[in-house]
1. What FRET efficiency would be calculated for the residue pair VAL188, SER258, taking the C-beta separation as r and a Förster radius of 22 Å, to the nearest 0.05?
2. For the chain, which longest stretch is free of loop sites, where a loop site is one of the trypsin sites (Lys or Arg not before Pro) that DSSP puts outside H, G, I, E and B and that has at most 12 other Cβ atoms within 10 Å?
3. Want the number for TYR199 to LYS3: 0.36 nm per residue separation, take away the alpha-carbon distance, what's left?
4. Leaving out same-chain residues fewer than 8 places away, which lysines sit with a Cα under 27 Å from that of LYS133?
5. With θ set to phi - 60° and the Karplus curve 6.51 cos²θ - 1.76 cosθ + 1.60, what are the ³J(HN,Hα) couplings of the range 223-231 in order, to the nearest whole Hz, using x for Gly and Pro?
6. Contour minus end-to-end for MET126 and LYS294, with contour as 0.36 nm per residue of separation and end-to-end as the Cα-Cα distance?
7. Which of the aspartates and glutamates could a cross-linker span from LYS74 if the Cα-Cα distance has to be under 13 Å and same-chain partners fewer than 8 positions apart are dropped?
8. Bins of 20 Å, beginning at zero and ending with the bin holding the largest distance: percent of Cα pairs per bin for the chain, please.
Amino acid sequence: MNKHPLLSVRNLCVDYITENGDVRAVNSVSFDIRQGEIFGLAGESGCGKSTVAFSVARLHKPPAYISGGEILFKGENILHYNEERLRTYRWQQVSVVFQSAMNALNPVLRMEEQFCDVLLAHNPGMTRYEAIKRAQELLTIVDIHPSRLKDYPHQFSGGMRQRLVIAIAMALNPELLIMDEPTTALDVVVQREILQKVYALKEKFNFSILFITHDLSLMVEFCDRIGIMYAGELIEVAPAKAILTAPLHPYTKGLGNSFPPLHGPKTVLEGIPGTPLNLLEVPVGCRFQARCGKVHDRCRQEYTFLTEIRPGQQTACHLYEEQGLQQDSVIYLDKAAGC
Ligand SMILES: Nc1ncnc2c1ncn2[C@@H]1O[C@H](COP(=O)(O)OP(=O)(O)OP(=O)(O)O)[C@@H](O)[C@H]1O
Ligand SMILES: [Mg+2]
């Protein structure tokens, strides 16, 4: 077995060059994704999820630049890859499904051409006949009849188009599939069908997934572990269920309280007071201080580091340093254990 996690992001920093100077959109983010694991990234709009996803695929473009850290894929730092090595990395090791499927497909080309373009460009020696056979196979695995290869994108429903994009992303058997809001534009039933399909494919082919969505309840169902981002930083990483049942960081707790519970009686949703941080005015200390109900002096003075508080659960919050677990979190944990 490979001793490295499939993906290891270490202290990643990404800046955007703007008229007002460089803005750090991602600050010292570290997480691992293991072989076959589904890792989710959640957090409010603008917190840096897509910037992380683009960087992992090395698809970020100016004004974005990686200003620090490492992205290790099977132990190799992909930031050192040249263009040629990146071409293999992008399709054969990592591939990406973005939100708008229609934009990812070429409206004036039949699906057959679009599949063949990818397959022939990356498989030297493959014939067109073999490429079409493979494209038919790919359509079948996303439950679309192979005869539909002759159709144009507009002849498919939104859900089918998203499945087509997933099929193209899987064309070269990637080891990591990045899905950035892959189903946001679709209704909840189609959304679930697609995720179930992706899950079945993952079980069959054992790839890993970096999954990004605004829908925390969907994420908890679909992921093994989840990282919560706030204002460019990762503030909690935990097994998926613990994010809802035993959250540590006050922001994670607020996020959990902003979504209707999956089970049990209806409750009034609390939300999180205040507005997201302006990245041009980052305070000293914790970035969540202005919106945190538990803020104290140390939060305004000292930076918070992601620290393991429970096995497999890390958070970046002064509440848990030195004092260990706070009483209210112990209660959460007991609830989770059904006590
Ligand atoms: N081209 C750009 N130029 C300057 N700043 C940018 C650019 N693209 C993104 N940003 C900034 O980087 C930060 C992170 O953006 P990003 O798109 O990664 O957030 P996100 O978490 O994916 O949000 P959403 O949930 O809305 O997709 C935001 O503050 C955003 O304003
Ligand atoms: Mg985004």
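1. E(calc), rounded to 0.05, equals 0.80.
2. 4-265
3. My answer for the length gained is 68.1 nm.
4. LYS150, LYS197, LYS202, LYS204
5. Whole-Hz 3J(HN,Hα) from phi for the range 223-231: 9, 8, 10, 9, x, 9, 9, 9, 6.
6. 54.4 nm
7. The qualifying aspartates and glutamates are ASP32, GLU175.
8. 29, 55, 15, 0
Laboratory data are not the source of any read-out in this text; all were calculated from the coordinates shown. Just so it is clear, the structure is predicted and the values come from calculations on it, not from any experiment. Cβ coordinates were reconstructed from backbone atoms using ideal geometry, including for glycine residues, and neighbour counts include every protein chain displayed.
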